[in-house]
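Values quoted throughout were computed directly from the atomic coordinates according to the rules given, and no laboratory measurement underlies them. Everything numeric here is computed off the predicted structure, so don't read it as measured data. Because the Cβ atoms are built from the backbone with ideal geometry, glycine has one as well, and the counts that use them run over all protein chains shown.
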Amino acid sequence: MHLKYRPTKRSEILGQNSIINTVNLDKPILLIGQTGVGKTTIAYILANEFCKSENITERDCVTNSTKPDIENILSEFFRSSIFGKEKVLILDELHGLNQSIKAQRLLLKPLETLPKNKKIIACSSTVGKLEKQLLDRFLIYKLKPLSNKNLKQLLNYVCEKESIKLERWLKILLIEKSDGSARKLLTSLPIIKNIKDKEEAEYLLDISSMDADPDVLELFKYILSGSLSWIQIVNLVKNIQKTKSSDAIRIGLINIITGRLKSKYMTSLNEGSLLIKSIKSLNNIFIPQDASLITALFDMFCLFKEKK
């Protein structure tokens, strides 16, 4: 949902007026802020103002953190394009270069001597151990977390568009748990939109803060509640498998179960014992992915059905 309502122009950005009204690409810029406040979104808005979308290249510096990685990125960036001379390079998670001084220094000259038809925008949640001489090549803009007023405005807008009716207490809880992050607000909304119990809503929001996949979380909820038949569980899994691998589902379930074991919402020691048995089943990696997932889910299904 956060992608559906991602801003596409400056006027749609919430809570960053001092930046949006002044930022330009006359010099390379570095956007700093916590996860979910709109760094990459703003980077794309600025990039699309400057050039065609085909000439925008995004690379993250966590998986591209070595000197050869940066060499390849720069080589691609400065290569001519059939879509025009104007190009923008977005370097996401710039702090990923913390461990490679050589990779950082490789950026110094390009940042200093960029031609007018080439622009570089970097995003980072922290400056970490980035060298001062690298940081000095950028105009740095610090994005602040969204205020509760901004989050409320966004939540009301999305709820109206999606015909979602939330009780007032649930809106307040969702805004509080979002920690100033629009992304967190909108990824959490589908998870709790039909919840009527405050304790359950708090639990689901705490679990979703671990970046739990909403589809896998829904699967876990149904198994835990025992409200669906085995055939219904299988059909639900088949739908999830259209977009996720069996191994991704299995690992997602292990993370969610671990989160419940650590939370205050586990109902009893007996439930804890069942969760531990579920993890042991899910940890069987010595049989093919699909077989491992289905057999583990059947074990979980039977365990929690017996509990009921």
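Annotations
- Length released on extending from N235 to S80, taking residue separation times 0.36 nm less the Cα-Cα span: 50.9 nm
- With neighbours defined as other Cβ atoms within 10 Å of a residue's Cβ, the residues C51, C159 order from fewest to most as C159, C51.
- Of interest is the spacing of the C-alpha centroids, which for the stretch 53-94 and the stretch 248-308 amounts to 42 Å.
- Theoretical FRET efficiency, 1/(1+(r/R0)^6), r = Cβ-Cβ of E306 and I251, R0 30 Å, to 0.05: 0.75
- Mean separation of Cα contacts under 8 Å, 6 or more apart, over the residue count of the stretch 10-142: relative contact order %: 36 percent
- When the square roots of the Cα gyration tensor eigenvalues are ordered a ≥ b ≥ c, the ratio a/c for the stretch 10-142 is 1.5 or more and a/b does not exceed b/c, which makes its shape oblate.
- Top of L185, L274, L217 by mean-square fluctuation, Gaussian network on the chain, Cα under 10 Å: L274
- With the convex hull drawn around the C-alpha atoms of the stretch 181-308, the volume per residue stands at 108 Å³.
- By the compact-protein rule of thumb, 2.2 N^0.38 Å, the alpha-carbon radius of gyration of the chain corresponds to a ratio of 1.18.
- Calculated [θ] (222 nm, deg cm²/dmol) that DSSP helices of n ≥ 4 give over the chain, each run adding -39,500 (n - 2.57): -16000 deg cm²/dmol
- Looking at the stretch 2-103, the trypsin sites (Lys or Arg not before Pro) that sit in a DSSP loop and have at most 15 other Cβ atoms within 10 Å of their own Cβ are K4, K9, K52, R79, K85.
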